[in-house]
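To start, the structure under review is shown below, and the notes come after it.
The values are calculated or read from the model by the stated rules, or taken from the named source; none is laboratory data. Nothing here was measured: the structure is a model prediction, and the numbers come from that model. Virtual Cβ from ideal backbone geometry, glycine too; neighbours counted across all protein chains shown.
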Amino acid sequence: MRRALKPGDSEIRALPLGANTKFARQLLGDGCARALDIGCGEGKFTRGIAAFIGEVVGVDVKERAILKARSAAEAEGVAVDFQIASGESLPWADGHFDVVIFSNSLHHMPDPAKALAEAARVLAQGGLLYVMEPVAAGHYHEATSFVNDETIVRTQAWGALNSMLGQGLSRAQENLYRSRRVFPSFEDWRDDQLERDEKRRTKFDADPDGVKTRFEMLADKEDGKLAFDQVFRVDLLTKA
């Protein structure tokens, strides 16, 4: 439990490093027929998995995010069906998907337990539930937590996931890894945070120099850019 929620520095350094889509391909393999990504946002991860999954659908409650996702998919020539829908009320029949994914989104669900129940409902027997969540540990978490500390909601999401075990779902694997986050400058990260949630501006305004100093101090400097290893946990569950 401790390692799943808050691995130590030495454990983090020992974790494999790579992109989120790389580990998704390793864990899911090629040939999955139909996948649903719940809470897909602007769809970067969703478009990435379309390279090795036959049919991919991405849903999000935010119309603006879905419009951006559709535009990016069209520009990249990637076939993904992006739809506006709530993870807590999915418009598909029972057992419709071979894989259901929460890509960095379960902790954003207003009711994670309800969203997981919906995911299990639309998942086919023998299908896979893929839950990728950021872990509240490491330098990226330390650098950003003053502005957006999600420790509590991530822990609650992990608890909701574990409560599903034994209710038709069983854990096949739990994996930790690192993914590299690189920002041209502090200002680029700040602008990204404000685009995600304008309410975070009050945190920046409260101590602008302190937030910037902390962010830059904890970053690795790479060719004038600011880089971090963000820790992710993937829980892979199967439906009996």
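Across segment 127-158, the number of residues qualifying as farther than 21 Å from residue 101 by Cβ and part of a helix (DSSP H, G or I) comes to 8. For residue 112, the criteria (1) within 17 Å of residue 35 (Cα to Cα); (2) surrounded by 15 or more Cβ atoms within 10 Å (Cβ to Cβ) hold in every case but one, which is (1). All conditions in (1) closer than 24 Å to residue 229 by Cβ; (2) in a helix (DSSP H, G or I) hold for residue 65, with the sole exception of (1).
For the residues 122, 135, the requirement of being aliphatic (A, V, I, L, M), in contact with a helix residue (DSSP H, G or I) (Cβ under 9 Å, 6 or more places away or on another chain) and buried (at least 17 other Cβ atoms within 10 Å of the Cβ) singles out 135.
Scanning segment 1-21 for residues that are among the charged types (D, E, K, R), loosely packed, with under 14 Cβ neighbours inside 10 Å and in contact with a strand residue (DSSP E or B) (Cβ under 9 Å, 6 or more places away or on another chain), which turns out nearest to residue 99 (Cα to Cα)? Here the residue is 3. Quick check on residue 37: is it in contact (Cβ under 8 Å) with a residue 60 or more places away in the chain, of a type in the set (D, E, K, R), buried (at least 18 other Cβ atoms within 10 Å of the Cβ) and more than 14 Å from residue 132 (Cα to Cα)? No, not satisfied. The residue pairs whose first member lies in segment 142-169 and is without any contact (Cβ under 8 Å) to a residue 40 or more places away in the chain, whose second member is outside any loop (DSSP other than H, G, I, E, B), and whose beta carbons are closer than 6 Å, counting only pairs six or more residues apart or on different chains, do not exist in this structure. The residues of segment 98-108 that are touching a residue at least 60 places away in the same chain (Cβ under 8 Å), of a type outside the set (Ser, Thr, Tyr) and either assigned to a helix (DSSP H, G or I) or surrounded by 24 or more Cβ atoms within 10 Å (Cβ to Cβ) (or both), listed by number, are 100, 101, 102, 106, 108. When residues in segment 13-26 are screened for being assigned to a loop (DSSP other than H, G, I, E, B) and either touching a residue at least 24 places away in the same chain (Cβ under 8 Å) or among the β-branched types (Val, Ile, Thr) (or both), 4 of them pass.
Looking at segment 27-45, is at least one residue in contact with a helix residue (DSSP H, G or I) (Cβ under 9 Å, 6 or more places away or on another chain), in a helix (DSSP H, G or I) and among the β-branched types (Val, Ile, Thr)?
Checked against the condition, which is being in contact with a helix residue (DSSP H, G or I) (Cβ under 9 Å, 6 or more places away or on another chain), in a helix (DSSP H, G or I) and among the β-branched types (Val, Ile, Thr), segment 27-45 yields no hits at all.
For segment 80-120, filtering for residues that are more than 19 Å from the chain's Cα centre (by Cα) and either modelled with pLDDT under 95 or polar (S, T, N, Q) (or both) leaves 1. Does residue 51 satisfy the condition of being aliphatic (A, V, I, L, M), part of a loop (DSSP other than H, G, I, E, B) and loosely packed, with under 15 Cβ neighbours inside 10 Å? The answer is yes for residue 51. In contact with a helix residue (DSSP H, G or I) (Cβ under 9 Å, 6 or more places away or on another chain), surrounded by fewer than 20 Cβ atoms within 10 Å (Cβ to Cβ) and not in a strand (DSSP E or B), is that true of residue 72? The answer is yes for residue 72.
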